[in-house]
1. In debye, nearest 20, what is the charge dipole magnitude of the range 59-100 about its Cα centre with +1 on Lys and Arg Cβ and -1 on Asp and Glu Cβ, if you could check?
2. Can you tell me the dipole magnitude for the range 108-445 around its Cα centre, using point charges on the Cβ only (Lys, Arg +1; Asp, Glu -1), in Debye to the nearest 20?
3. If neighbour count is taken as other Cβ atoms inside 10 Å, put 101, 381, 427 in order from fewest to most.
4. Bins of 20 Å, beginning at zero and ending with the bin holding the largest distance: percent of Cα pairs per bin for the range 108-445, please.
5. Apply the Karplus curve 6.51 cos²θ - 1.76 cosθ + 1.60, θ = phi - 60°, to the phi angles in the range 134-149 and return the couplings in whole Hz, x for Gly and Pro.
6. If amide H atoms are built 1.01 Å from N in the plane of the peptide, which residues on other chains or at least 5 residues away come under 5 Å of the amide H of residue 401?
7. Determine ³J(HN,Hα), in whole Hz, for all residues of the range 337-342 in sequence, where each value follows from phi through the Karplus function 6.51 cos²θ - 1.76 cosθ + 1.60 and θ = phi - 60°; x replaces Gly and Pro.
8. Mind sorting 94, 324 by how few other Cβ atoms lie within 10 Å of their own Cβ, fewest first?
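Each value in this text was obtained by applying a stated rule to the coordinates, not by laboratory testing. Note that the coordinates shown come from a computational prediction; the quantities given were computed from them, not determined experimentally. All Cβ positions, even for glycine, are placed from backbone atoms using ideal geometry, and neighbour counts span all protein chains on display.
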Amino acid sequence: MPRIIDDTTPPDSESPGLGDDQIRDFKKAVRDFFEIPNNTTITNPLGSVTAAGLRWLLWNAYTKAGLPAAGTAGRVARVSDDVRGLWMDQGSQWFALSGRVADITEFGAKDDNLTDNSTAIQEALDSGYPVWVPPTSSTFNYGTALALPTGGALLGAGAGAEGLGKASALKFTGAGSGITLNAGGVGAASQWAALLRGIDLRSGGAATNGILLHNVSDIQIIACALSGFIATPGGAAIRATSSATGGTAQVTLFHNNISNNSCALFLDTPAGGQNENWRVIFNRIAGHVATGGRTGTLDLEGAISSMLLLANDINTNSPGSEVWFGTQVLGLLAAANYINSAGAASAALTAFKFGSGPIRGVQLVANELYHSHATPTGRAVWFSAAGGTGVCIQHNDIERYAATANVAIDPGGFAFPESEFGPNAIVGALADYGTFGAGSGYTARNLKLEVIATANLPAAAAGQDGRVVIEDAGAGDRNLIVYAGGQRFRFDGGAPV
């Protein structure tokens, strides 16, 4: 039996979640249930306590291993290690009243926006149980990077959308990365099976990355907020790295609010590393500022094998591209995303930009791409360094990209065999499509062909085979020119010209 609090008026600090009348009624009900008058000494089955005035429920503390043998149902004791807090004897075993979730406040963490809670939070993570970050109107600060172990779960009540309500807020006041999931120098992505959900992770100003993934797989980051990671050298809200033969795999980013960082996602894997089966779904990604050399809001420098970008809101950013693919892209579906290039300095901002390749099996479908800068020059889609095979760009609504310069969809003069360009709704562009390279086997249902003066027509050559242009012969005379078999023909089937 615990010591029983009396039914006099309590101090406010005893239970800030209840009113005085509720607290007093609770105390009286407990006292009456046990038929114990005020100011009585009570014997506790787990030990004896004495009180001049019964004002508190006090529980004896034990290590988990040191709990008395189970067998007296209803006993309660406080455990000082393992899952800390109150445990109850249900007759045959002891069980944690918290549901075996490690609350960081049970390990001494304070939400005062001041205390360095690094040790308390890491001890909770090392307990082997899911870790709970309670909601607060302040923050739980910490200055040393947290290591989320294999199979670990860091859970919160939510991120306090747009600053409304209380959030499970962690503020990283140190440098480097706030939370690390690091499998070391393995030769392939190591199964980590970790979860972050409902956490509001903020930078105190010096941090480079919010979450760092290194050679890990099976990661879920769900309903979190990540903000303020803008220190140089430029990092990201979420950064993935690997060894030369490692990588990341089976990573899900779902329903997160990622805002005001150098970039939202940085795939920083070296040559030989792979990023496989990434799913980036239904996230709000806004306000990124491209410090430290980041070239995309989603800065996907590393090799990609299978990625889904679905229903994301990518809005008001200022890096060079909203989505930048630096190298290999094998298997990409980007669908139903809303991209609005609206930053004050974003005239040249491109929605989707592809680098050196190889590029195969890419679909950009049913996206809303809108450029709201006053004088936009940025392209909606730009293949800047290589063509691709099996590329499909269809059914997108593209508005105001390339309104004053360039073209809305720019194939960069590269070849695109077995590809589909169009139909797309392109509004307000200076030109809809750029030049395709020789050998392209594409279909472009609403393609605008190049118009070239007769004197400037490219010479017939095998490298031009498959190209179709409009000849401007002057005086209003226009002809279709087809390159085939190393020769140049007018479309009417006449002799080579």
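1. Taking the Cα centre of the range 59-100 as origin, the dipole is about 60 debye.
2. Dipole of the range 108-445, to the nearest 20 debye: 120 debye.
3. Working: 101 17, 381 29, 427 14.
Fewest-to-most ranking of 101, 381, 427: 427, 101, 381.
4. Pairs per bin, as whole percents: 33, 54, 13, 0.
5. Each residue's phi maps through the Karplus curve to give x, x, 8, 8, 10, 9, 8, 7, 7, x, 10, 3, 8, 9, 8, x Hz.
6. 371
7. 8, 9, 10, 10, 7, 10
8. 94, 324
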